[in-house]
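Have a look at the structure below before the remarks.
Please treat every number below as a calculation from the coordinates, not as lab data. These numbers were taken from a predicted model, which means no experiment stands behind them. Neighbour counts are summed over all protein chains in view; Cβ atoms, including those assigned to glycine, are modelled from backbone coordinates with ideal geometry.
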Amino acid sequence: MKVGLILKPKAFENFTVVPNTVLRDQELSLAAVGLYCFMLSHSADFTISIEYLSNAFSNGKDAIRAKIKELETAGYLRRQKVQDPSGKFIGYNYIISETALAANSRHTEKPTTVKTDDGKNRRTENPTQSNNIYIDYIDTNNNKKRNTNALKISKQANDDFEVKKAPKEYAELTTKIYPYFLGLFEGENTVPKTTAQKEKWLDTIEYFKKHYDLKEIYYAVKWARSDDFWRPNVLSVPALKTTAKNGAKKIDNLMAKYKAHLEEQNKPTGMFKIPDATWRLDEHQNVIALRKLGPPINEFVLQQHFTLTPDEINEIRTHLINKL
């Protein structure tokens, strides 16, 4: 059983005819006119809901309901209750008119029974929902001539009319650094191609700005994109906000690896002479090297057996003190 369909004449499939009476009705808000046009623009096999309308506009569900009520009060739209075969209320259909109906001309139709896809009879109070839209064009010239004084809008133009959300606003730093992040993923098929995808990247960068050092994040991503192991694992900025297998955010895992990389890069040269050692200071701030096997290595042994110079040992000492 299909529900949420939009039923209208075939003549309106490839373009949308918007009555001038609606467009020029000074009692309607601009938002209500836009909603009317948007609902009118959909094809017969498209399903619709309050949630869908809310997502299509930059408005919440309550605001959408308010505009539907406004159209209903003006007489351009009529809601019809829908019941399932057991008589349980399941939603509404929406009947759209090209001219405003007088408030007292709106009426509640008696429940009717229609056949569903499974062949069973279905009782409906003002036909079937689930948010179907019926185009109820009313002849205004003694029922002989259809009102043709309407605005024809091409399908593409209609897509651009009143439906686009206002561009989101972001912090200046976010918009300035966005092209630099984008440049790190040049050639990847994950780079944003639509406004929604771009906003997802900007939303993520804005999130990083609020919770991290954004400059540090940029350099971490830049390092990852130049690393043979990390490059195929960092394919977009939004993916870094997701959770990794270890339960941490991917950005936190990346930052830990990046900081470890920096620490390795900034190690004193003397430490590289014993790459498997861990280093610490004793209570007298003497340098000690620890290996998995064998006793601790003091400064004398470091100089005699591992050829560390006094300057290299002092450099290690300073490095360890700065880490305290």
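Model label points for LEU235 and GLN304, set 7 angstrom from Cα along the Cα-to-Cβ axis, are 5.8 nm apart.
A Förster radius of 45 Å, combined with the Cβ-Cβ distance separating ALA256 from ALA66, puts the computed FRET efficiency at roughly 0.40.
Is the range 269-323 best put as rounded, prolate or oblate by its Cα gyration tensor, with a ≥ b ≥ c the root eigenvalues, rounded for a/c under 1.5, and otherwise prolate when a/b is larger than b/c, oblate when not? The shape class here is rounded. Taking other C-beta atoms within 10 angstrom as a stand-in for reagent exposure, LEU184, LEU308, LEU23 fall in the order LEU23, LEU184, LEU308, fewest first.
Dipole size of the range 269-323 about its Cα centre, with +1 on Lys/Arg Cβ and -1 on Asp/Glu Cβ: approximately 220 debye, rounded to the nearest 20.
Using only side-chain charges placed at the Cβ, +1 for Lys and Arg and -1 for Asp and Glu, the dipole size of the range 173-265 relative to its Cα centre rounds to 260 debye. All Cα-Cα separations within the range 169-324 were binned at 10 Å from zero, giving a P(r) of 9, 31, 21, 18, 15, 5, 0, each value a whole percent of the pairs. Remark: spin-label model distance THR318-THR195 equals 5.6 nm, labels positioned 7 Å along the Cα→Cβ axis.
When the C-alpha to C-alpha distance is required to be over 21 Å, the pairs from LYS168/LYS198; LYS198/LYS259; LYS198/LYS241; LYS176/LYS249; LYS222/LYS249; LYS249/LYS323 that qualify are LYS198/LYS259; LYS176/LYS249; LYS249/LYS323. Three principal axis extents describe the C-alpha atoms of the range 210-255; from largest down they are 25, 25, 15 Å. Of the residues ARG78, ARG231, the one with the fewest other Cβ atoms within 10 Å heads the list, and the complete ranking is ARG231, ARG78.
Taking amide hydrogens as placed 1.01 Å from N in the peptide plane, the amide H of ILE90 sits under 5 Å from those of VAL82, GLN83, ASP84, each at least 5 positions away in sequence or on another chain.
With the simple model of a label 7 Å out from the Cα in the direction of the Cβ, TYR219 to ASN246 spans 2.2 nm. Ordered by the number of other Cβ atoms lying within 10 Å of each residue's own Cβ, fewest first, THR16, THR318, THR99 fall into the sequence THR318, THR99, THR16. For the pair ASN55 and THR269 in one chain, pulling the backbone fully straight at 0.36 nm per residue adds 71.3 nm over the alpha carbon distance.
When Rg and Dmax are taken over the Cα atoms of the range 173-265, they come to 12.6, 40 Å.
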